[in-house]
Amino acid sequence: MDFNIEWHDRLGSTNASMRERFYAPGAMASGLVIAAREQTNGRGRQDRKWLSSPHTNLCFSLFLKTDADLIKVPSLTMATALGVTELLNSKGIRSAPKWPNDVLVAEKKICGILSERVEQASDHGIIVGVGLNINMSSEEADIIDRPATSMLIESGKAYDPGQVLEDLLPQLEYWMGKWATDGFPAIRPIWTEKAGPIGKKLSVHDGDVRKTGRLAGYGEHGELLLETASGLETIWSGEVS
Ligand code: BTN
């Protein structure tokens with residue numbers, strides 16, 4: 001994939017900018033990356049806000065041209081999480097992906113991913129938005145309503161967000177490439193190894209519904225398989241704890 005990186009000083013949301021670009025006249029090529037030094041209206045899953053101080057963290061969206069169905073979108077998020085995990089591990093920060101869209105370090109969130117499918121006439125694609133906490137201080141992390149961390153907090157070192165993006169893109173190319181060629185089954189063993197272990201006790205909340213059981217594995221599209229007292233449940237979305 002050829003990446004074309006556009007840096008902006010300030011945007012509302014890189015996902016929203018990418019979306020606008022997609023629906024504007026003219027075709028958009030795979031590999032376009034829109035990154036913002038400051039994001040004023042960052043969005044997370046379930047309409048949450050994504051907070052990031054200016055010039056501190058990495059906020060970007062990547063466009064992948066694909067006619068993959070909606071059912072395949074969650075597993076692209078998972079492929080992205082593996083890429084982020086590999087990058088962090090290569091820098092000595094021991095991290096693990098968490099279903100469905102996070103990367104954690106010792107149970108604290110360091111990265112969130114928001115993927116959206118877009119479609120117009122015969123053009124289809126997926127926008128993958130990545131928020132990676134780079135130079136967030138522990139004071140800033142404490143303001144966030146859930147346990148959060150950053151590369152700075154974990155390693156004691158400050159990083160250049162532009163360089164982190166350059167280092168991350170080859171990882172994303174590798175994992176997204178596997179996803180595009182062979183689908184989630186190609187990355188399932190490594191995902192399961194890193195996000196598992198199988199048999200782990202889990203509680204999954206989706207709205208008012210809470211299910212508890214043990215992790216039985218992941219389905220063909222990355223759906224979570226939970227062994228509950230009433231049998232095997234297939235879970236497509238929710239928060240795991
Ligand atoms: C989540 O954990 O809920 C997903 C967070 C995704 C945040 C990123 S930051 C870059 C991109 N633009 C957005 O508005 N959101 C994503």
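The values are calculated or read from the model by the stated rules, or taken from the named source; none is laboratory data. All of these numbers come straight from a predicted model, not from anything done at the bench. We place every Cβ from the backbone using ideal geometry, glycine too, and count neighbours over all the protein chains shown. Note: areas computed on protein heavy atoms with side chains; ligands, DNA, RNA excluded. Shrake-Rupley method; radii C 1.70, N 1.55, O 1.52, S 1.80 Å.
Name every residue in the range 103-114 that is open to solvent by 20 Å² or more (accessible area, probe 1.4 Å) and within 10 Å of the ligand (Cβ to nearest atom), in order of residue number. Please lay out each step first, then the result.
Start the filter on the range 103-114 by keeping residues that are open to solvent by 20 Å² or more (accessible area, probe 1.4 Å), which leaves 104, 106-109, 114.
Lys109, Leu114, listed by residue number.
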| remark: Checked against (1) open to solvent by 50 Å² or more (accessible area, probe 1.4 Å); (2) modelled with pLDDT under 95; (3) within 11 Å of the ligand (Cβ to nearest atom), Arg19 satisfies every condition except (2)
| field | Unique residue being at pLDDT below 95 and in the same structural domain as Asn89 (by TED's automatic domain parsing) when the list is Asp206, Asp160, Asp123 | value | Asp123
| message | Condition first: assigned by TED's automatic domain parsing to the domain that holds Asn41, within 19 Å of Val118 (Cβ to Cβ), in contact with a Leu (Cβ under 9 Å, 6 or more places away or on another chain) and surrounded by 24 or more Cβ atoms within 10 Å (Cβ to Cβ). Can you find one or more residues in the range 78-86 that meet it? | response | yes
| Out of all the residues in the range 200-233, which are in a strand (DSSP E or B) and open to solvent by 70 Å² or more (accessible area, probe 1.4 Å)? | Lys201, Val209, Arg210, Thr212, Arg214, Glu227, Leu232
| said: Going residue by residue through the range 33-51, is there one that turns out to be surrounded by fewer than 19 Cβ atoms within 10 Å (Cβ to Cβ) and more than 13 Å from the ligand (Cβ to nearest atom)? | reply: no
